[in-house]
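Here, each number is a calculation from the coordinates, and none is a lab measurement. Note that this is a predicted model, so its numbers are computed, not measured. Every residue, glycine among them, receives a Cβ derived from its backbone with ideal geometry; neighbour counts consider all protein chains shown.
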Amino acid sequence: MSKKIPYRVVLSEEEIPKAWYNVRADMKTDHRPILHPGTLQPVTEADLTPVFCEELVKQELNVKDRFIEIPGEIRDYYKMYRPAPLFRAYFLEKALGTPAKIYYKYEGGNTSGSHKLNSALAQAYYAKKQGLKGVTTETGAGQWGTALSMACSYFGLDCKVYMVKISSQQKPYRKAVIETYGAKIIPSPSDTTNIGRKMLSDNPDSTGSLGTAISEAVEVAVSTEGYRYVLGSVLNQVLLHQSVIGLEAKAAMEKIDEYPDIVIGCAGGGSNLGGLMSAFMADRLAGKTAPYFIAVEPASCPSLTRGKFAYDFCDTGMVTPLAKMYTLGASFLPPSNHAGGLRYHGMSPILSQLYHDGYIDEARAVEQTSVFKAATEFAKTEGILPAPESSHAIRVTIDEALKCKETGEAKTILFGLSGTGYFDMTAYMQYNDGTMTDYIPTDADLQRGFDAIPKLPGIQ
Ligand SMILES: *Cc1c(COP(=O)(O)O)cnc(C)c1O
């Protein structure tokens, strides 16, 4: 008899990773270099340091070091909410009647309610270490803004958050939390920047997008003394910081002699999935037995499943460098009926390359009503009220577990429960009263976004 696996596996404080894992050092083909928007040459440290903190630029460009030590001050703060637990979803398994063994790594156990604090802390730490006065950023659903405001208050930095206008209206409590931690919120598009004023004159009723908010935050960072810009997803450095999720998950599973057959995560900009996957992707890249990886995205913003793998701007205002990634075009705006998060037009270049090369086995797009059905089922059985973003992963986990029920296979499934949904009750209310709708962009809708992808003769 194998010993009974507990409901939750929690590592000790000592087992919090001492180094982040840099998957780029192991990738067979690195992603194409990020290009300067003016010269179209690969960006250099010198190009990036006016925008980003110096140490973070080094991490962004680091393709050599497999492990990068986590500074002691960051590890100390991690101890407030890490190690994050790994749960065995016994109740969900029972409700589904599946022979599959379902595990989830839960990153919602801090006030930001998501994994984003893992990177916010690192970024605020390096900004402080460089002697900066403050940072600017954008936030969509609000988790990143919350995480960054927490990290900035801890390290004593000013923090300006450009919040996608529709989110700031739909989530007044999220805004209040951010302000409680001392950050300043500016709904985007705003009249505080050139790009914001231009967006407003083109479309006074714009509800905003992450891409526009990024443009505004970058503009303010580069034009304000002692400020730099920080970003909560997509970037290589963010995936690096999020590797703690996968390192802990793998260590926790080793304790109970488990190894996943399938790893599932939701993908907006790619950071929680990239982080969860990382330690297991190391096995795949080393040619060892490894899980089947599934990235899940909304059918309304389907960058991996229907996007183009092309060089594109990371923001709507087209001021950021160009990255080779799966993209719907920087001008793509998700429909306003789209509930929480995962609204970004592009995807992490690391994840994009891994997907392109077949190391991420599959991307799946799911519709929001089916996502909320899964979210509700999960909340009722496992108790945790999941974030809409994370619920995309739950949807596919349930689908895979039900396949196991048909075939009788007892697969081991690990998914990332990236956060909680306490600030997403507007969307839950829509689901509960039956007014939530689905939307799948037509090919013509997507074509409009693709048409705006820059044509770069001679560059692939
Ligand atoms: C931000 C966020 C996401 C999406 O971002 P990724 O970079 O793709 O991880 C997913 N889940 C939660 C809870 C989030 O806050």
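Our helix-only sum for the chain, with -39,500 (n - 2.57) per DSSP H run of n ≥ 4 divided by its residues, gives a mean residue ellipticity at 222 nm of -12500 deg cm²/dmol.
Under 18 Å of direct C-alpha separation, and excluding same-chain neighbours fewer than eight residues apart, LYS94 reaches these aspartates and glutamates: GLU377, GLU382, ASP399, GLU400, GLU406, GLU409. Sorting the segments 116-122, 426-432 by their residues' average number of neighbouring beta-carbon atoms within 10 angstrom, most packed first, yields 116-122, 426-432. Computed from the C-beta positions of LYS380 and THR437 and an R0 of 35 Å, the FRET efficiency is 0.95 to the nearest 0.05.
Shown in residue order for segment 352-362 are the 3J(HN,Hα) couplings computed by the Karplus curve 6.51 cos²θ - 1.76 cosθ + 1.60 at θ = phi - 60°: 4, 5, 4, 5, 4, 7, x, 7, 8, 6, 8 Hz (x for Gly and Pro). Per-residue packing, averaged as other Cβ atoms within 10 Å, sorts the ranges 244-254, 34-44 into the order 244-254, 34-44, beginning with the highest. P(r) tail for the chain: Cα pairs beyond 27 Å make up 49% of the total. Taking other C-beta atoms within 10 Å as the exposure proxy, TRP144, TRP20 rank TRP20, TRP144 from fewest upward.
Taking amide H atoms as placed 1.01 Å from N in the peptide plane, the amide H of ASP158 lies under 5 Å from those of GLY134, VAL135, each 5 or more residues away in sequence or on another chain.
When the C-alpha to C-alpha distance is required to be over 30 Å, the pairs from LYS373/LYS455; LYS18/LYS165; LYS171/LYS380 that qualify are LYS373/LYS455; LYS18/LYS165.
Counting charges near PHE52 (Lys, Arg +1; Asp, Glu -1) among other residues having Cβ under 13 Å from its Cβ returns a value of -3. Based on Cα atoms of segment 4-155, Rg over Rh with Rh as the Kirkwood radius reads 1.04.
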